[in-house]
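*Asks:* Below is one structure. I have some questions about it.
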Amino acid sequence: MDVHARKAMTRITRCFLLFLVLHLVEELLIIPRYFNSRGLIACVGGFVILLIYIRFINRPLEQIGMIFSGHKVRKGIILAAIFNLVPAVIVYALEYFRISRLPGHTVISAFYSSARYAYSSAGFWRFAMWLAFGMLLNVIHAFFYETTFRGLLITLGLRSMRFKKINLIQAGLYTFWFLIPVLRLILYYSDEVSAKQILTLFLVMLAYEMLCAIKLGLLRFSTGSVWACIFDHFAFACILDMIHVQHTALDMTVQLDESYYLRIVCYQAISLLMVFIYYINKKKRKSGSK
């Protein structure tokens, strides 16, 4: 690694550690002892720090991929819709078909946080309130994660590293970020959660977040902005958080999202494949135009 690459890694590490401190405080001190803040403290605080940092170095937001262009925004919305609706239809259709073959009644239902907030149980206004709350959380999460990992960190790395290398670095840091909740389970809830459940969660998060981060990095590089990443993040978070497969057996026992872990990994694998094909086509067009 040359001098410029080492300097880039130093900048990336410092920025990441600054955000990570907030995340550790929230996950290991606030959530276990006080309330589930759902990542808001790290995301809101981190986004404020990000804006202060950008202002301090006197650089425009465009340099981290927040290009305020109607074309970029529209393109981001269209790409996010394509890269999420296709995998969603595939995985939910397969899951519904598999479970519907069992004796009982199978439905695909919409709710956030708990089945008691579904429309049929909570009524329209409570259902709408929780759905709106979930969407607001996903907006905040999407803006922070994408402007930080696919925006700032990739921008810092691209000054002296090849894209493939910096994409793997940001994906590794992003994945590590989402493994902190697993550490919280080990430290505070090991008497309530089995070692097998913790290991399963660890492996699923490792696969899912890595697939997700690599995909979003490819999307940032292909489009030249973070808008497609923001809309994509918001889309898959809303779909996976709010759309559920529910099966009621003949004895009236309810099974909810039994294959959730498998579904989210397959969802991101399909989406990553689609984005990778898009990325390859964009590279061919660029090389062909030269």
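The values are calculated or read from the model by the stated rules, or taken from the named source; none is laboratory data. What you see is a predicted model, and the numbers here were worked out from it, not measured in a lab. Positions of Cβ are backbone-derived with ideal geometry, glycine not excepted, and every protein chain shown enters the neighbour counts.
*Asks:* I'd like to verify a number: residues in the range 168-195 that are more than 21 Å from C43 (Cα to Cα) and either crowded, with 20+ Cβ neighbours inside 10 Å or of a type in the set (D, E, K, R) (or both), how many?
*Replies:* Total satisfying the criteria: 2.
*Asks:* What do you reckon, is D241 charged (D, E, K, R), in contact with a Lys or Arg (Cβ under 8 Å, 6 or more places away or on another chain) and surrounded by fewer than 22 Cβ atoms within 10 Å (Cβ to Cβ)?
*Replies:* Here the answer is no, as D241 does not meet what is asked.
*Asks:* Sort through Y267, Y278 and tell me the only one that's among the hydroxyl-bearing types (S, T, Y), within 22 Å of A80 (Cα to Cα), within 17 Å of the chain's Cα centre (by Cα) and assigned to a helix (DSSP H, G or I).
*Replies:* Numbers: Y278 fails: within 17 Å of the chain's Cα centre (by Cα).
Sole residue among the options that is among the hydroxyl-bearing types (S, T, Y), within 22 Å of A80 (Cα to Cα), within 17 Å of the chain's Cα centre (by Cα) and assigned to a helix (DSSP H, G or I): Y267.
*Asks:* What helices (runs of 4 or more DSSP H) completely inside the range 66-148 contain at least 1 residues that are more than 18 Å from the chain's Cα centre (by Cα) and within 25 Å of A171 (Cα to Cα)? Break it down stepwise before answering.
*Replies:* On the way: elements: 70-100, 119-122, 124-145.
Passing ranges, in order: 70-100.
*Asks:* Hey, does the range 203-211 have a residue that's touching a residue at least 60 places away in the same chain (Cβ under 8 Å) and buried (at least 21 other Cβ atoms within 10 Å of the Cβ)?
*Replies:* Scanning the range 203-211, I find at least one residue that is touching a residue at least 60 places away in the same chain (Cβ under 8 Å) and buried (at least 21 other Cβ atoms within 10 Å of the Cβ), so the answer is yes.
*Asks:* State all residues of the range 120-169 that are more than 23 Å from K283 (Cα to Cα), at pLDDT below 90 and hydroxyl-bearing (S, T, Y); if no residue qualifies, say none.
*Replies:* Hits for the range 120-169 are S120, S121.
*Asks:* Which residue pairs have Cβ atoms closer than 8 Å, lie 6 or more positions apart in sequence or on different chains, and pair a first residue in the range 86-104 that is in contact (Cβ under 8 Å) with a residue 12 or more places away in the chain with a second residue that is in a helix (DSSP H, G or I) and of a type in the set (A, V, I, L, M)?
*Replies:* Qualifying pairs under 8 Å: V86/I270; V86/M274; P87/I270; P87/M274; A88/I239; I90/I270; V91/I270.
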